[in-house]
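Encoded as structure tokens, the structure appears first; notes follow it.
Bear in mind that the values in this text are calculations on the coordinates, not laboratory data. Remember, predicted model here, so these are calculated numbers, not experimental data. Every residue, glycine among them, receives a Cβ derived from its backbone with ideal geometry; neighbour counts consider all protein chains shown.
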Amino acid sequence: MTSETPPLLNPPALRTTLGGDYYVSDAVFAAEQERIFEASWICAVRCSDLATPGRFQKVQVGRESVLLVRGRDGLLRAFLNICRHRGAQLCTEPEGTVRRYFRCPYHSWTYGLDGKLTAAPNLAALTDETGAPIDRYRYGLVPVALTEWLGYAWVCLLDTPPPFDDVTAEATRALGDPDAINRYGIGGLDVGRRIVYDVAANWKLIVENFMECYHCSSIHPELVGVLPEFSRGVAAQASDGAGAEFGSHIEGFTVDGAAGFDRLPGITDEQDRRYYAVTVKPTVFVNLVPDHIIFHRMYPLSPVRTVVECDWLYTADVLASGRDVSASVELFHRVNRQDFDACERTQPSMTSRAYRHGGVLVPTEHHIASFHEWVVSRLDER
Amino acid sequence: MTSETPPLLNPPALRTTLGGDYYVSDAVFAAEQERIFEASWICAVRCSDLATPGRFQKVQVGRESVLLVRGRDGLLRAFLNICRHRGAQLCTEPEGTVRRYFRCPYHSWTYGLDGKLTAAPNLAALTDETGAPIDRYRYGLVPVALTEWLGYAWVCLLDTPPPFDDVTAEATRALGDPDAINRYGIGGLDVGRRIVYDVAANWKLIVENFMECYHCSSIHPELVGVLPEFSRGVAAQASDGAGAEFGSHIEGFTVDGAAGFDRLPGITDEQDRRYYAVTVKPTVFVNLVPDHIIFHRMYPLSPVRTVVECDWLYTADVLASGRDVSASVELFHRVNRQDFDACERTQPSMTSRAYRHGGVLVPTEHHIASFHEWVVSRLDER
Amino acid sequence: MTSETPPLLNPPALRTTLGGDYYVSDAVFAAEQERIFEASWICAVRCSDLATPGRFQKVQVGRESVLLVRGRDGLLRAFLNICRHRGAQLCTEPEGTVRRYFRCPYHSWTYGLDGKLTAAPNLAALTDETGAPIDRYRYGLVPVALTEWLGYAWVCLLDTPPPFDDVTAEATRALGDPDAINRYGIGGLDVGRRIVYDVAANWKLIVENFMECYHCSSIHPELVGVLPEFSRGVAAQASDGAGAEFGSHIEGFTVDGAAGFDRLPGITDEQDRRYYAVTVKPTVFVNLVPDHIIFHRMYPLSPVRTVVECDWLYTADVLASGRDVSASVELFHRVNRQDFDACERTQPSMTSRAYRHGGVLVPTEHHIASFHEWVVSRLDER
């Protein structure tokens, strides 16, 4: 197989996508909220954004407002952002710092950073249905399961969350090796730039777009300039463990191919000068290059609107040195805008009779079908 | 019982509120429109706002636009604001004055101030299904029942309205005496100030907020300054006939406790230096203090939006004297804003799984449960 | 019958209109989209707006975005505006020019002006489900039926459109003669002015308004000035073949009755000095006067919003002469605004209990009932 020949491992027949209704229906989106976003591990915040005790952030997960806070014991915890008394939102600001407590401004019910109800007017006189003093945890903040991985806090709204290994397995499978992602030391990196995109498209169009590279030669001139094999239309994600090689004259993963920074300490020679991409369903994309990481989180707000938050992560040394990261930021920022424009151009057609039974996947897009099968299987559960 | 001990007449166990769906569901709101707002006596306009013949005002009642107009015979009447011919809105301005007629601008069907169809192109030639000339009242404006009380016109969209005594009975019960409210002479007072608030919350959250004072010490510093017993969290409405006493150094019901105006002529010594509050379901709150009245009317526009119109009423003498009413207006204007902020902070949580079965009522809020029972009983009717 | 006596051919009893729900319900509008707008011949573009090869325009028909384009062979064609691969909109601009192809910017699937799939990355390697190379027309743009009449392109989304004669028959019936409309030579006229109106009303209110003249004396002073018989309230459309005569002192169909232009070459003496109006269901109105044509197309966007595009058509000679058309444009522009204001005033009442079973039609409006019967019969089909 020469570099001119695309690796068509699949039979070349066209396959169909999901029907258009999956991308616009309120009923489908409500089912996705319940069975996907409120039933999966969702990447919520960068842990280092909540570095000190009392530092909190409010995040939308499915239909719930979730409050993440660093305790005085140094642990991160997550709770539903709602007072147990009459339901006022505890925090209305997107982020901030409290000293020791969250105090609901409506009736002054007050909760410790571990969620315990610590004070309320006449609290001592309140009883439960048996006449006993009320349990301070039963009437404390409703806890949400939380795990840390890759330097992010992941939360799950289920009472009994699925094993977190299911999440890490995706990255293992995609990179062909359980240690491959760990070598980048993502948890120890710092956020050099964060850009938030408000995209007028269904979240699944954004996933599908990220998974394939058949569009790369059409809309990503800068990316194809750095990764010339992308001009063949085969995504790094199309086969497990595959990374796309930098062009021979390319010095770094930057908008003009100029040199980036020192390669991350842990990565192997095989990982050097390569771009890897991982989709961690349902809402995370991880892009791995030798000297930095581009990390996407999505917040699906409606069938036709998705907010995407993108972090560019570098070593503390690079950021402390004051070196300019904008050439590497600019490359994927352009890719993001090119991709989201394409998704927004596609969304309006989802209601067309021509898309009633979906569009077609060419062979280099066939792996998207597994994403569609996963969505359908989640919605069919129960 | 000392002033330090709250009068816990109810057993102290927590009770639950309505489930969150009651505050956001379109289906619940549609049922409320039909079975509550379009089936109750609704306070529509201050009669003195329509003082002269031909003066009219347009008011939203449930899903209907209602036209109130003073006749040339001096009587106030209410009609649906819709031409009987092809349905054009008769009046599109919120208020105004006509001489003798409402003339539909579309096809010139013309109605007297008593609703009778008085003119139309070719009117003499029109017949009903029997071939007889058409009945000028059958094709006149659709009348709406109207009663005056407390200087306001109350309307009911039902063909057979419930007895108006059901409305006045609430005030009687709340104040412990049929004459208590009459002594204030509310019908004879004038509007010194009117402020309209657009609140992003369900109307029932606003009622619940008005009914209890457990929040007073948290959000109403000025009000508690004037009525120190409110710091205990017990609302004047929690027990029938109870009024909250002014603090010993307080001279008037003003934002800084400074003197107000002469007490209203009819009130008793017991009513002096006290604040009383009455909820007249579904949409009116009356606040009684010795020298003025604060009167709230609500217009629920959607499950999540309610417009509240608040009148401050004084004697004609006070207003004619040119004395400054702003210190008394400012007190309840602050209370209003504090309350509506709290309601707006609560509304977003109504969709949370943590509020699926509602929040809890502490003992000093237990009387709110009777409001919930009333709502449920109205929705369950038929 | 003197000119003072309206020609009441119908028995004078009032008839009822459609109930208010027909004008606001999402379900009714969805049924109208499917069974009326997506199942009828819809007037889409003025052919001369797409005069040269590669010139295209995007038009909303029912729920579909339709692309009309002039081929290099000189023919006009229509297609669904959606790429067959993954559904991106081919054209997002309302109009423009391409050279030979539409190229989808997402993955570069490329279509000829006849819809054939002409190029795509790796196209030669793609196969259908049988393993055969894909059919370039099966995966070409989805064609939409198109017919030209009166100088406009009419399209129909049905696979098997109804006979176009059904469309022309309406004009024949209304004007009493198959040749009557042809004599105006509308296809050969040019657009002298185009105005687009965004109307906050259901499309059927606009049709009903256009069909009757009972409102003319109330809201159209300029029109009645030119056509004095309209003061009697009888529409030209009320009886087949009837045209309204210009007033004796009127020189032309202009806002002030001043002279217009030479009469169109083909029309008869009987057609001179007369105004004729034709409703071509569902969305076209044609107004015929001796020296120009006023042509309305409607685009119903929601139950409560309709865009109306109005063309004023003149001979090429008139437009080439540089003579001022504004006095004739101004007349019907005022009529349009007066009518659309009336429709917008009527729309809000459609939800009223007083319109639950509709309003009433006076005898000079009775012919509107046939429009209502047509709507109901279309919605009842299947």
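Taking the longest Cα principal axis of chain B as reference, the axis of helix B:368-380 is set at about 30 degrees. Inverting the pair-averaged 1/r between distinct Cα atoms of region B:284-332 gives 12.3 Å as its Kirkwood hydrodynamic radius.
Stokes-Einstein diffusion of region B:64-133 at 4 °C, 1.567 mPa s viscosity, Kirkwood radius from Cα pairs, rounded to a whole number: 99 µm²/s. With the alpha-carbon atoms of the protein assembly as shown aligned to their principal axes, the span from lowest to highest coordinate is 102, 98, 50 Å, starting with the largest. Rounded to the nearest 20 debye, the dipole magnitude of region C:177-380 is 820 debye, with +1 charges on Lys and Arg beta carbons, -1 on Asp and Glu beta carbons, and the Cα centre as origin. Work through the residues other than residue B:273 whose Cβ is under 11 Å from its Cβ and net out their charges, Lys, Arg +1 and Asp, Glu -1. That sum, taken over residues with Cβ under 11 Å, equals -4. The mean count of C-beta atoms from other chains within 10 Å of the C-beta of residues in C:208-221, rounded to a whole number, is 3. When +1 charges are put on Lys and Arg Cβ atoms and -1 charges on Asp and Glu Cβ atoms, the dipole computed for the protein assembly as shown relative to its Cα centre reaches about 80 debye. Beyond 17 Å, the tail of the calculated P(r) for region B:166-215 holds 62 percent of the Cα pairs. Shape annotation for region C:261-382: C-alpha extents along the principal axes are 55, 31, 26 Å, from largest to smallest.
Comparing A:184, A:172, A:206 along the charge dipole axis of region A:137-221, the residue lying farthest to the positive side is A:206, per the Cβ-charge model. Normalising the average separation of contacting C-alpha pairs (under 8 angstrom, six or more residues apart) by the number of residues puts the relative contact order of region A:102-151 at 28 percent. In terms of the mean number of neighbouring beta-carbon atoms within 10 Å, the peptides C:235-243, A:26-34 order highest first as C:235-243, A:26-34. On the basis of the beta-carbon distance and an R0 of 60 Å, residue C:334 and residue A:179 show a calculated FRET efficiency of 0.15. Principal axis extents of the C-alpha atoms in chain C (largest first, rounded to whole Å): 80, 55, 32. Pairwise alpha-carbon distances in region C:177-380 exceed 22 Å for 49% of all pairs. When A:222, B:245 are sorted by how many other C-beta atoms sit within 10 angstrom of their C-beta, beginning with the fewest, the order is B:245, A:222.
Against chain A, whose longest principal axis is taken from its Cα atoms, helix A:326-346 shows a tilt of about 90°.
The relative contact order of region B:177-380, computed from alpha carbon pairs under 8 Å that lie at least 6 residues apart in sequence, is 28 percent. Exposure proxy shown here: for B:283, C:92, the number of other Cβ atoms within 10 Å sets the order, fewest to most, as C:92, B:283. Kirkwood radius for region C:100-165, taken over all pairs of different Cα atoms as the inverse mean of 1/r, rounds to 14.0 Å. Taking the C-alpha atoms only, the angle from helix C:165-175 to the longest principal axis of chain C is near 20 degrees. Each Cα pair under 8 Å and six or more residues apart adds its sequence gap; the mean of these over the residue count of region A:122-201 is a relative contact order of 19 percent.
Put the Cα centre of region C:196-220 next to the Cα centre of region C:58-134 and the gap is 38 Å.
If I take all pairs of Cα atoms in region B:1-126, what percentage of them are more than 22 Å from each other? That tail contains 55 percent of the Cα-Cα pairs. Summarised as an ellipsoid, region A:153-258 has semi-axes of 28, 19, 16 Å, derived from the eigenvalues of the Cα gyration tensor scaled by 5 and square-rooted, with the largest first. FRET efficiency for the residue C:245 to residue C:148 pair, using the beta carbon distance and R₀ = 35 Å, is estimated at 0.60.
Over every Cα atom in region A:58-199, the radius of gyration and the widest Cα-Cα span, Dmax, amount to 18.6, 60 Å. The listed peptides A:131-138, B:61-68, A:170-177, ordered by packing as a protection proxy, come out as B:61-68, A:170-177, A:131-138 (highest mean of other Cβ atoms within 10 Å first). Residues of region A:31-63 with amide nitrogen under 11 Å from the 7 Å Cα-to-Cβ point of residue A:97? From region A:31-63, the list is A:51-56.
Positive-end ranking of A:71, A:88, A:115 along the dipole of region A:13-144, with charges on Cβ about the Cα centre, is headed by A:71.
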